[in-house]
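See structure below.
The values are calculated or read from the model by the stated rules, or taken from the named source; none is laboratory data. Worth saying up front: this structure is predicted, and the values here are computed from it rather than measured. Here Cβ is always computed from backbone atoms with ideal geometry, including for glycine, and neighbour counts include all displayed protein chains. The protein model used for the area step is the full one, side chains on, heavy atoms only, and it has no ligands, DNA or RNA in it. Shrake-Rupley method; radii C 1.70, N 1.55, O 1.52, S 1.80 Å.
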Amino acid sequence: INGKFMNCKECRKAYSPRQCMEMAIAHWRRNATHPQMKEGEEELQQGMKGENNDYDDEEETYTASKKKYTRRENMEQKVWLDRITIRHPYDFDEEGMPSEALKAEIPDDGPNNADIAWLKEMQARSTLLHYRFDEHDDWHRATCFRNDCECRAKLPMMASNTTFIHDNDTLPDTLNQMQQPTTNNNLDNEEQQQQNDSTSRSNAGDSEDAHDEQEDHLTSKQIRNVRWNYLDGTTKLKSQYAVIPKRGIGSQFLNAHNIAMSSILGCNTNVTIGDASHTYYCTLYKSKDTQAEDKEALLRVHGSFGRRIMRRKILLQQQQQQAAEEREQQRKSQQEQEQDGNEQASESDCDDNGADDKDECHAEGLGRVMTGVNALLSRNVVSPTMAHLLISQGGTRFTYSHGEENLLVTQLEDYLEGRECNFILRKNYNKIEKRVERWPDSTAYDYVFRPRELQRLCYYEYMMKYKKGFKTFKRINREQDLEISGNADCDDNDEEESSIQFEFQDGHPGKRYAFLTKRKFPVIPTIMMRNGRLCDVELLEIGNSSPSFNTARYRENYAKQALMMFFPITA
């Protein structure tokens, strides 16, 4: 049906949401050009396909013999639409009024501005913005069917009068909500009566078939349940859920978006909420490989350059072959000439051969160099957009509300069990002992020998709220000079003391050179531990008083990791 699921009450023709938006835009254009003209029925039906209309979005034809749709897009219209939508944040202020730049671009008293005056209407420009970025194409794209035969954006989506939550528990209510027709106060009484009459003529057999189809539809829409195990031994079945927003007639292909963000940024703002797996999706998206897209331009340049070198080599080979044939003919024609003349000809032939061989070697060498460059750089290509993003955001692709910090549980476990743990070896000059002092820098030492004021903090909370800093050389020298002179009281009024700092306890290898300070904003600790230390709660078999050897080992490791992270440990 090509997205044409709406019927006009006047002409009884089917229209798609895109065509309705195009007709609305054509209406604004006609009113701006001829505000006194009344639209006739023919113009309403014709919409943007009018005789004097140059806003054809695309042409769709269907060939019955080939059983194939063809599509031709108007590239000039696409470029114009991109320019209009990109300018949207700059053309209107916070109140939706035209900006000074837009007024200067389209003055009210300017000549020949009647046909573009409608571009100063906020409603018209917002429609263009959502038409460009938020309206899902009814032809879809290849990426829509990456998982299966259904569009992964779940579009088109049926109209709904209310916003509701969709999961397995509310699935029957969900289908009832989505199958209820959206109320339309403009329906004629005759149409309502016809609908009521057609409903009353359904028989019992049809109702049973409909009931069976309803049950099959419910089964197909079931979401996979996941059993949640709690530490008190209870379990609960849960399913993923989604928030289905209110959606009116004509919005079946419209992506869920944020209106305010679209107006501010002038781009697509697809929004999905309600699913706990979004965190997992963001993690995968953050670490996914984008080399296939980023190196397209590089491969295109290398491919063009390689083809040019190949054409040059083929041309040189043809020239050499042609020159060899000419020399053969010349040799046959000059067999009866004098010997001196033959020697001169052979010398000239050698010069020509040397020049051809030089050009051929140059092309071959250049091709091999480009092959090596391509092999070296093909896995380390960054697109210009990504390069700008990495530089402006400190080397990360995404920006989150909180930062991240590694919680090295393995390092703390090795220290508590007396094993060797990893550390960074640092060195500072000790004036008191007059030697270079080397000391291990380890997170485990920082937590075990933390200040007494922070003894009640667990490892997780400690890493979330506090961080280690290093003293400057000036401060280290000043403190050591005071210690040598016997004056332990240090007047710290430097610019360094802008925040509260805590000294490590005695026993910390770097007590003289490092300190603790509170973070300005809390961070999210990223747990780093050995594989298999934290198992699923289901494997703990809570409530089983006679656990097996493996279960006991699971419990031991689970309890050990939990205590190290969430129970205060002191020296």
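General observations
- Spin-label model, Lys332 to Tyr230: label points 7 Å out along the Cα-to-beta-carbon direction sit 10.1 nm apart.
- The simple spin-label model puts a point 7 Å past each Cα toward its Cβ; for Gln317 and Met370 those points are separated by 1.7 nm.
- Sites Arg435 and Lys518, calculated FRET efficiency, Cβ-Cβ separation with R0 25 Å, nearest 0.05: 0.15
- Other-chain or far-sequence residues with amide H under 5 Å of Ile527's (modelled H): Leu407
- Efficiency of FRET from Cβ geometry, Lys288 and Phe566, R₀ 30 Å, rounded to 0.05: 0.40
- Chain lengthening between Met122 and Asn31 when straightened (0.36 nm per residue, less Cα-Cα): 31.3 nm
- Pair Ser392, Arg419: separation of 7 Å Cα→Cβ label points (nm): 4.5 nm
- Proportion of all alpha-carbon pairs of the range 433-474 beyond 17 Å (%): 42 percent
- Theoretical gain in end-to-end length, Ile500 to Asp481 [0.36 nm per residue, Cα-Cα removed]: 4.6 nm
- Percent accessible area from carbon and sulfur atoms, the range 384-435, protein chains only, probe 1.4 Å: 54 percent
- Where N is the number of residues in the range 529-571, Cα Rg divided by 2.2 N^0.38 Å: 1.26
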